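Comments concern the structure below.
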Amino acid sequence: YLLVLFCAGFGAIAWWVRRWLQSRYSLLGVMDDAIENGEFVNYYQPIVELATGRITGAEALVRWVKPDGSLIRPDLFIPLAEESGKIRGITLQVLENLERDLGAVLRARPDLYVSINVTEPDLTDDVFFDALAATCSPGRLPAGQVRIELTERCLIDSAQGVARVIRLREAGHAIYIDDFGTGYSSLSYLQKFPLDVLKIDKAFVDAMDTESVTGSVVPHIVGMASALGLHTLAEGIEQEGQRARLSAMGVQYGQGWLFDKPLPAERFIERVSDE
Ligand code: C2E
Ligand code: MG
Ligand code: MG
Ligand code: MG
């Protein structure tokens, strides 16, 4: 009886592992074609000034639109794309999409900026640096309005990180640290990099309403950030109460469903022309 139970258990696990591997490799297998066919599109989530609600820009968030029209969320394919290095092709497409979607708007509105998410494989990719420099040249995208989001992990993992970040900064791009607080870096480590904005991870915003230690961290992050001359931006704000508390704590910027979900380019353009 025990043997039957054991075999059944083992079978179930093997089945599950096979399904997982299959879904993983079937996504990876079609990713090259998807890059080739331009199946990645950008959505834009408005970033607002917390005190006034004014839209100051957006974060470009990629979506994979399959030929049948179905949409794949980035958490499902970005980690795979990063591990396999295929992310480089996706990042180049995000940049291309950005110029096509918002080039005219950004040239007409020097007060708006857009950030793109850049990963460790991109940071060491000369093709990416060349494409960024070419795209951010006169008459195309203004470099000062294209900002770069990097995670702490990406900076720690990248051997040439500091030099690369300095290069981006010198080209006019402000640097955001994404998902701040979820990595292993200390602010003293991050001090080696020329940075502009810390994006406080949604986990801390969610925890503010609880008694947990995590919930009490935000004021400390804001204090350290301002001591280092950095601005702060809170992610994943869903409630007015969160906006008010974050703003009172000195967090300057925010994004989240309270303001807007990530929007298709046309909707984002409508949104900023309403202002
Ligand atoms: P992220 O860079 O931290 O982006 C913020 C994520 O939080 C986005 O998820 C956004 O839709 C979601 N979000 C924003 N406000 C709220 C809110 O109020 N409530 C909730 N529940 N969620 C909110 P998304 O678009 O699914 O992207 C997930 C992650 O995938 C991103 O996290 C980023 O790490 C990665 N990603 C997205 N686009 C790109 C890209 O173009 N390149 C790279 N390398 N990574 C990307
Ligand atoms: Mg981001
Ligand atoms: Mg983030
Ligand atoms: Mg996040």
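The values are calculated or read from the model by the stated rules, or taken from the named source; none is laboratory data. Source: prediction; values computed, not measured. Because the Cβ atoms are built from the backbone with ideal geometry, glycine has one as well, and the counts that use them run over all protein chains shown. In case anyone asks, the SASA skips ligands and DNA or RNA and just uses the protein heavy atoms, side chains included. Shrake-Rupley method; radii C 1.70, N 1.55, O 1.52, S 1.80 Å.
Size of the chain: Rg and Dmax of its alpha carbons, in Å, are 20.4, 75. Positive-end ranking of THR52, ALA14, PRO67 along the dipole of segment 1-73, with charges on Cβ about the Cα centre, is headed by ALA14.
The distance between label points at GLU36 and VAL162 comes to 4.3 nm (points 7 Å beyond Cα on the Cα→Cβ vector). With N counted as the residues of segment 22-130, its alpha-carbon radius of gyration over 2.2 N^0.38 Å works out to 1.16. Working note: Cα gyration tensor of segment 94-206, eigenvalues times five, square-rooted, sorted largest first, giving semi-axes of 25, 17, 12 Å.
Panel note: the C-alpha atoms of segment 119-275, placed on their principal axes, show extents of 47, 42, 24 Å (largest first). For segment 100-258, the Cβ-based charge dipole about the Cα centre amounts to some 560 debye (Lys, Arg positive; Asp, Glu negative; other atoms uncharged).
Ordering GLY161, PHE193, PHE128 by Cα displacement along the dipole of segment 67-195 toward the positive end leaves PHE193 in first place; charges were set at the Cβ atoms of Lys, Arg (+1) and Asp, Glu (-1). Can you compute log10 of I(q)/I(0) for segment 1-52 with the Debye formula, treating each Cα as one identical point scatterer, at q = 0.13, 0.19, 0.21, 0.22 Å⁻¹? Debye output, listed in q order: -0.63, -0.78, -0.84, -0.86. What you get for segment 1-151, charging only the Cβ of Lys and Arg (+1) and of Asp and Glu (-1), is a dipole of about 440 debye around the Cα centre.
Of all lysines in the structure, the ones whose alpha carbon falls short of 25 Å from that of LYS86, not counting any fewer than 8 places away in one chain, are LYS66. With the convex hull drawn around the C-alpha atoms of segment 42-86, the volume per residue stands at 102 Å³. With a cut-off of at most 10 other beta carbons within 10 Å, and DSSP calling the residue loop, which GluC sites (Glu not before Pro) in segment 177-261 qualify? Please list them. In loop regions of segment 177-261 (DSSP not H, G, I, E or B), the sparsely surrounded GluC sites (Glu not before Pro) are GLU211. Take segment 163-275 with all the other protein chains still there, run a 1.4 Å probe, and you get 48 Å² of accessible area per residue.
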